[in-house]
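Structure first, then comments.
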Amino acid sequence: MNYISTNKAPAAIGPYSQAIEANGFLFASGQIALSPETGEVVGSTIQEQTIRVCENVKGILEAAGLDFSHVVKTTCFLADIGDFAAFNAIYGEYFTGKPARSCVAVKDLPKGVLCEIEVIVAK
């Protein structure tokens with residue numbers, strides 16, 4: 001296994017890794033709308049937070065020498081399913097390869113954010 005760590009995504013806020021490469025895949029931990037520089041939540045709208053989340057995912061992908069075209073599966077968590085359309089519009093600008101996806105509404109997300117995305121990537 002190869003552990004991926006980058007300052008282009010927020011540091012882990014618990015006992016986990018930003019991402020791990022294993023058996024030709026990259027498994028990235030869920031990314032939320034935290035600034036990599038400050039660790040503080042960025043944005044108050046679903047659009048602002050989705051952009052930050054996608055930029056955090058991008059940072060991890062780049063650290064592994066990959067890009068969004070390598071993503072094969074995403075799992076997306078929304079604090080409010082009513083935000084789905086706005087979230088989806090931003091998501092679609094980044095995940096242009098249309099990976100498989102699950103998207104669910106959850107009761108709460110860490111730090112009170114509005115969305116979280118985790119990815120599985122084929123190398």
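The values are calculated or read from the model by the stated rules, or taken from the named source; none is laboratory data. Just so it is clear, the structure is predicted and the values come from calculations on it, not from any experiment. Counting neighbours? That spans all protein chains shown, and the Cβs are built from the backbone with ideal geometry, glycine included. Note: areas computed on protein heavy atoms with side chains; ligands, DNA, RNA excluded. Shrake-Rupley method; radii C 1.70, N 1.55, O 1.52, S 1.80 Å.
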**Asked** Within region 77-90, can one find any residue that is assigned to a helix (DSSP H, G or I) and within 11 Å of the chain's Cα centre (by Cα)?
**Response** no
**Prompt:** Under the condition of being within 18 Å of residue 42 (Cα to Cα) and among the acidic types (Asp, Glu), which residue from region 86-117 is most open to solvent (accessible area, probe 1.4 Å)?
**Reply:** 108
**Message:** Any residue that is of a type in the set (Phe, Trp, Tyr), part of a loop (DSSP other than H, G, I, E, B) and touching a helix residue (DSSP H, G or I) at 6+ places or on another chain (Cβ under 9 Å) - is there at least one of those in region 56-68?
**Reply:** no
**Prompt:** Can you tell me which residue in region 32-45 is farthest from residue 88 (Cα to Cα), limited to those that are open to solvent by 10 Å² or more (accessible area, probe 1.4 Å) and touching a strand residue (DSSP E or B) at 6+ places or on another chain (Cβ under 9 Å)?
**Reply:** 40
**Fill in**
For region 87-99, pairs from a residue that is under 8 Å from residue 68 (Cβ atoms) to a residue that is β-branched (Val, Ile, Thr), with Cβ under 8 Å and 6 or more apart or across chains, are 94/57; 95/71; 95/74; 97/71
